[in-house]
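Visitor: Submitted below is the structure of interest, expressed as structure tokens.
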Amino acid sequence: MTNIEHYAVFGSPIKHSKSPRIHKLFAEQTQQALVYDDQEVPAEQFQSAVSDFFEQGGKGLNCTLPLKELAWSFADIKTERAELSKAVNTLALQADGSILGDNTDGVGLLTDLINNHQVKLSNTHVLILGAGGASRGIILPILEQNVASLVIANRTIDKAINLANEFTHKGTITGCGFDDLANQQFDLIINATSSSLSNDLPPLPENILRKNGVCYDLAYGNEPTTFVKWGKKNQASKSLDGLGMLVEQAAEAFFIWRGVRPNTKDVIALLNAERGKVI
Ligand code: ATR
């Protein structure tokens, strides 16, 4: 008899999550016997919901907003990238019964940028907008690409400065407010604020995107986000949203759980086709 193993994504709100669909496509493609569903879990129910899930034989979980910091605290052991980001999006049951916490968001972003969109990062000047959990998860992987500099800009300036200070031992990184960006130029601007969720945009000075620069919004939707539109208006050579990153971070989680790497390009193409456009 085939032993079907159980995985899930926890978060709140969760009903629009594309993760169950992505993992179902991965499982079919790689012929893995598993089920993956979504569960609405508010922060106050996290501890009991996760404990129940693993006690009932669950093998692995993805955690999304607002649970990534709680998942970080829950994990018995963590990878270095998860430890530094203070956020965990993947929990995996280990052979000894302990729970491993990892963060696959950063590698998902880099795989999408570098492999899927041929964006070069070494020796470039990179700007991240926002200093919350989403920024935290991508800083170390970006610094590891030998960028010339990384600037974190945030509405609440102290948060940007404090976040940057946590990573100064890993590369050239500074934190500032949006006004401080005037007269600077960047090769790559990543929107890690939650502003796209409310169709809003951080107040960006003119001309901060270098000629042929790239814009990337960690958020995604059926329509181009406000930041993706800003990038196009500012002549970005590429102005991308986070659908590719979503699929790539899922593939990395799938690999952690199953030891098999799915083909992501077909899945990204399918999801792009389903939302009616190729961005
Ligand atoms: P996440 O885990 O998604 O990063 P978060 O920790 O709540 O969520 O952080 C949200 C980020 O988006 C913060 O950097 C926030 O700026 P503040 O720290 O100043 O609050 C930023 N943000 C949200 N809405 C924004 C807006 N309309 N303009 C600019 N920044 C915004």
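Visitor: Report the residue count in region 220-279 for those that are under 18 Å from the mean Cα position of the chain (by Cα) and small (Gly, Ala, Ser).
Guide: Within region 220-279, residues that are under 18 Å from the mean Cα position of the chain (by Cα) and small (Gly, Ala, Ser) number 7.
Visitor: I've got another one for you. When region 68-103 is examined, which residues are found to be farther than 19 Å from SER48 by Cα, of a type in the set (Ser, Thr, Tyr) and either surrounded by fewer than 21 Cβ atoms within 10 Å (Cβ to Cβ) or not assigned by TED's automatic domain parsing to the domain that holds PHE254 (or both)?
Guide: THR79
Visitor: Next question. Quick check on region 184-198: of everything there that is open to solvent by 30 Å² or more (accessible area, probe 1.4 Å) and of a type in the set (Gly, Ala, Ser), which residue is nearest to the ligand (Cβ to nearest atom)?
Guide: SER194
Visitor: Taking ALA253, is it small (Gly, Ala, Ser) and within 16 Å of the ligand (Cβ to nearest atom)?
Guide: Taking the combined requirement at face value, the residue does not satisfy it.
Visitor: Being within 14 Å of the ligand (Cβ to nearest atom) and open to solvent by less than 20 Å² (accessible area, probe 1.4 Å) is the filter here; which residues of region 220-235 pass it?
Guide: The answer is THR225, PHE227.
Visitor: Further question on the same structure: Please verify whether ALA153 is within 16 Å of the ligand (Cβ to nearest atom) and within 18 Å of CYS215 (Cα to Cα), treating the condition exactly as stated.
Guide: yes
Visitor: Can you name every residue in region 195-215 that is farther than 15 Å from LEU181 by Cα and more than 23 Å from the chain's Cα centre (by Cα)?
Guide: Of everything in region 195-215, those that are farther than 15 Å from LEU181 by Cα and more than 23 Å from the chain's Cα centre (by Cα) turn out to be LYS211, ASN212.
Visitor: When region 102-130 is examined, which residues are found to be part of a helix (DSSP H, G or I) and within 15 Å of the chain's Cα centre (by Cα)?
Guide: Across region 102-130, the qualifying residues are ASP105, GLY106, VAL107, GLY108, LEU109, LEU110, THR111, ASP112, LEU113, ILE114.
Visitor: Filter region 89-109 down to the residues that are of a type in the set (Ser, Thr, Tyr) and farther than 12 Å from LYS59 by Cβ and list them by number.
Guide: Residues satisfying the conditions are SER98, THR104.
Visitor: Now a separate question. Evaluate the following for ILE189: is it closer than 19 Å to GLY106 by Cβ and outside the structural domain of LYS68 (by TED's automatic domain parsing)?
Guide: yes
Visitor: Do you know which of the residues in region 33-47 that are open to solvent by less than 50 Å² (accessible area, probe 1.4 Å), without any contact (Cβ under 8 Å) to a residue 40 or more places away in the chain and in contact with a strand residue (DSSP E or B) (Cβ under 8 Å, 6 or more places away or on another chain) is nearest to VAL88 (Cα to Cα)?
Guide: Across region 33-47, the extreme among qualifying residues is PHE46.
Visitor: Among the listed residues LEU201, LEU271, which satisfies the condition of being of a type in the set (A, V, I, L, M) and open to solvent by 20 Å² or more (accessible area, probe 1.4 Å)?
Guide: Of LEU201, LEU271, the one residue that is of a type in the set (A, V, I, L, M) and open to solvent by 20 Å² or more (accessible area, probe 1.4 Å) is LEU201.
Visitor: In the list VAL50, VAL9, which residue meets the criterion of being part of a strand (DSSP E or B) and surrounded by 14 or more Cβ atoms within 10 Å (Cβ to Cβ)?
Guide: Answer to the selection: VAL9.
Visitor: Does LYS170 satisfy being farther than 25 Å from TRP230 by Cα and either crowded, with 17+ Cβ neighbours inside 10 Å or not acidic (Asp, Glu) (or both)?
Guide: Spelling it out, LYS170 is indeed farther than 25 Å from TRP230 by Cα and either crowded, with 17+ Cβ neighbours inside 10 Å or not acidic (Asp, Glu) (or both).
The values are calculated or read from the model by the stated rules, or taken from the named source; none is laboratory data. These numbers come from a predicted model, not from an experiment. Don't worry about glycine lacking a Cβ; one is built from the backbone with ideal geometry, like all the others, and counts go over all protein chains shown. Please note that ligands, DNA and RNA were not included when accessible areas were found on the heavy atoms of the full protein model with its side chains. Shrake-Rupley method; radii C 1.70, N 1.55, O 1.52, S 1.80 Å.
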